[in-house]
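Here's the structure we're looking at; comments come further down.
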Amino acid sequence: MNKLLLPLSVLLAAALFLAAVMADRPAGPEAGIFPMAEEITAARILPGGEEEGTGSPVDLNLPDDDKNRLEIARIVYWLSIGTLQGGLSRQPLPSGGPEQLVMETADGTVLTLTNAVDRIAIPAKDSWLSTGVSVPQTVNVRINELAGRITAPDLKRWMEEELPRRIEESRKTPQ
């Protein structure tokens, strides 16, 4: 019995120490800003495109589709662990990518995500060429009228890979 007492005491002391350290950690600036996954009642993907008519929304059937519900939960998780860059403000952001994910809560909060893109200008003969470049690991986020950027590598990857795939699948599916 005495042989077990020492390891159990050490384990208990370590657990108490870890709990104390975690309790003293200040919450990040983004703590509580984003809604919980359970609060999201509707979600849709708004495809962009240069051609008119290519942008019909893709509604994600959250009440009846567990796969979509799980996907939204992952996205909200990535937002919650991401790093908000400079907070949220009413200032407009540089325009993002053409595709958007729009989520809504029962209380009317609208959360919009776009791929973070910065405009750059390149000198060319007697003029300038303007183009957009994707900001690494960064996504634009808008909560109602407030906007900001968040560093969230997994969410950025989802925006660049999964979101276009979902849009393409919806175009192939007969309506």
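Each reported figure results from applying straightforward, stated rules to the coordinates on display, with no laboratory input. Values in this document were obtained by computation on a predicted structure and should not be read as measured data. Cβ sites come from the backbone with ideal geometry, for glycine too, and all protein chains shown count toward neighbours.
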query = Which net charge results when you count Lys and Arg as +1 and Asp and Glu as -1 among the other residues whose beta-carbon is under 13 Å from that of Leu93?
reply = +2
key: Equivalent ellipsoid, region 67-127 (semi-axes from 5 times Cα gyration tensor eigenvalues, Å)   = 31, 14, 12
Karplus-derived HN-Hα couplings along region 83-93 (A = 6.51, B = -1.76, C = 1.60, θ = phi - 60°), whole Hz, x at Gly and Pro = 10, 6, 8, x, x, 9, 8, 8, 5, x, 8
ask   = Between Gln137 and Glu169, 0.36 nm times their residue separation minus their Cα-Cα distance comes to what?
value = 9.0 nm
message = Once R0 is set to 30 Å, what does the formula 1/(1 + (r/R0)^6) return for the Cβ-Cβ distance between Asp126 and Glu160, expressed as a FRET efficiency to the nearest 0.05?
response = 0.30
ask   = For Arg74 and Leu46 in the same chain, what is the full-extension length gain: residue separation times 0.36 nm, less their Cα-Cα distance, in nm?
value = 8.2 nm
key: region 112-162 - Rg and Dmax from Cα coordinates, angstrom   = 13.8, 42
